[in-house]
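S.K.: Right, I'll just put the structure down here and ask away after.
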Amino acid sequence: MAVVRLDGVEQHVGNIFCIGRNYAAHVAELGNQQEEEPLVFLKPTSALTLSGQDIVLPAYSADVHHECELVLLIGKGGNDIPEVDALSHITGLGIGLDLTARDVQSEAKKGGKPWTKAKGFRHAACVSDFVAAESVAAGQPFTFSLQVNGAIRQRGDTSLLLFPLATIISYLSQVYGLNEGDLIYTGTPQGVAALQPGDVVQAQLDGLVTADWTVSA
Ligand code: MG
């Protein structure tokens, strides 16, 4: 059973939703076009990797990128949640890595195939512990960063999201329905790059939580 920790208490994880192409500078760095509605893909719960666990890169890829992202933990579920109520459905805030086998994804995009092998492998959904949302104003902009071997690789600021948090939650609830325990990866800023065996990775949601992983050699 897949679990995360919310203020130290284990919480079962339901669906893992991810939003792609949600920061303009990242859309540009990969040569993609901005989307007219949120671009959604899913990861299996078997991809979850909590802070402190080792990341094992898939043998079939030579180019696994880190994508550091704010991650939401949904509390009360719902369908057709209006944007004005959406932030009240967040129970936890965390920081995570949407690990992406970029070479596999590029081939899938060319062939019009799903991204699952590029985005859903074991260890592809790294996530920190979660901080209770009631202790934070969930509507505020959040800043976050990713360091690899002590050097900053990515900085994020959720005020730059193309589809803001309330829009994402409302949209997912309309199309898929949201349930307690669902996770939402909200998209990555620019600076994505490859991880190598032995890398030491630290993600930080400023003022709230940090997470650490080592890439297995
Ligand atoms: Mg991503």
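Only the coordinates and a few stated rules stand behind these numbers; no lab work does. Here the structure is a predicted model, which means the values were calculated and not measured. Backbone-built Cβ (ideal geometry, glycine too); neighbour counts: all protein chains shown.
S.K.: Hey, what do the phi angles of segment 175-183 turn into as Karplus ³J(HN,Hα) couplings, whole Hz, using 6.51/-1.76/1.60 and θ = phi - 60°, x for Gly and Pro?
M.R.: With coefficients 6.51, -1.76 and 1.60, one gets 7, 10, x, 10, 10, 3, x, 5, 10 Hz.
S.K.: Can you bin segment 143-217 into rounded, prolate or oblate? Criterion: square roots of the alpha carbon gyration tensor eigenvalues sorted a ≥ b ≥ c, rounded for a/c under 1.5, prolate for a/b above b/c, oblate for the rest.
M.R.: The shape class here is prolate.
S.K.: Within segment 50-93, which residues have the backbone N less than 20 Å from the label spot 7 Å out from D103 along Cα→beta-carbon, could you tell me?
M.R.: Inside the label zone: 55-67.
S.K.: Computed FRET efficiency, Cβ-Cβ of Q33 and V9, R0 35 Å: what is it to the nearest 0.05?
M.R.: 0.25
S.K.: Past 31 Å, Cα to Cα: identify those pairs from K43/K76; K76/K113; K76/K109, in the order given.
M.R.: K76/K113; K76/K109
S.K.: Once phi is turned into ³J(HN,Hα) by the Karplus curve 6.51 cos²θ - 1.76 cosθ + 1.60 with θ = phi - 60°, what whole-Hz value does each residue of segment 210-216 show in order, with x for glycine and proline?
M.R.: 10, 9, 10, 9, 10, 7, 4
S.K.: Pick from L99, L162, L178: which residue has the top mean-square fluctuation in a GNM of the chain where Cα pairs under 10 Å get a spring?
M.R.: Of L99, L162, L178, the most mobile in the Gaussian network model is L162.
S.K.: If you don't mind, another one. Connecting C-alpha atoms closer than 10 Å in a GNM of the chain, tell me which of A151, A203, A118 has the biggest fluctuation.
M.R.: In this elastic network of the chain, the residue with the biggest mean-square fluctuation among A151, A203, A118 is A151.
S.K.: Under a cut-off of 19 Å between alpha-carbon atoms, report the lysines in cross-link reach of K110, not counting same-chain residues fewer than 8 places apart.
M.R.: In chain and number order, the partners are K119.
S.K.: Let me ask you something else. Please give, to one decimal in nm, the separation of the simple spin-label points placed at E83 and V175, each 7 Å out from Cα toward the Cβ.
M.R.: 1.6
S.K.: Less than 16 Å from a label point 7 Å out along the Cα-to-Cβ axis of Q53: which backbone N atoms in segment 120-160 qualify, by residue?
M.R.: Within reach of a label on Q53, which here means backbone N under 16 Å from a point 7 Å along Cα→Cβ, segment 120-160 contributes 120-130.
S.K.: Collect residues whose amide H, placed 1.01 Å from N in the peptide plane, falls under 5 Å from the amide H of C126; neighbours closer than 5 in sequence don't count.
M.R.: T49, L97, L99
S.K.: In nm, what is the difference between 0.36 nm times the number of residues separating D157 and V136 and their Cα-Cα distance? Present the calculation step by step, with values, prior to reporting the outcome.
M.R.: On the way: separation 21, 0.36 × 21 = 7.56 nm, distance 1.59 nm.
So the chain would gain 6.0 nm between D157 and V136.
S.K.: Starting from the Cα of K117, draw a straight line to each of the aspartates and glutamates and keep only those under 14 Å, dropping any in the same chain fewer than 8 residues away.
M.R.: Hits, sequence-local ones excluded: D63, D98, D103, E107.
S.K.: Still on this model: Quick one: 3J(HN,Hα) in Hz for segment 71-81, Karplus 6.51/-1.76/1.60 with θ = phi - 60°, rounded, Gly and Pro as x.
M.R.: Result, ordered by residue: 10, 9, 10, 7, x, 6, x, x, 10, 6, 6 Hz.
S.K.: For L162, which sequence-distant residues (separation of 5 or more, or a different chain) have an amide H within less than 5 Å of its own amide H, given hydrogens modelled in the peptide plane?
M.R.: Y23, A24
S.K.: Would you compute the Debye intensity of the chain from its alpha-carbon atoms alone, equal scatterers and no solvent, and pass along log10 I(q)/I(0) at q = 0.14, 0.17 Å⁻¹ to two decimals?
M.R.: Computed log10 I(q)/I(0) values: -0.78, -1.21.
S.K.: Continuing with this model, one more query. Ignoring solvent entirely, what values of log10 I(q)/I(0) come out of the Debye formula for segment 7-70 at 0.26 Å⁻¹ when each Cα is a single scatterer?
M.R.: So the normalised log intensities work out to -1.30.
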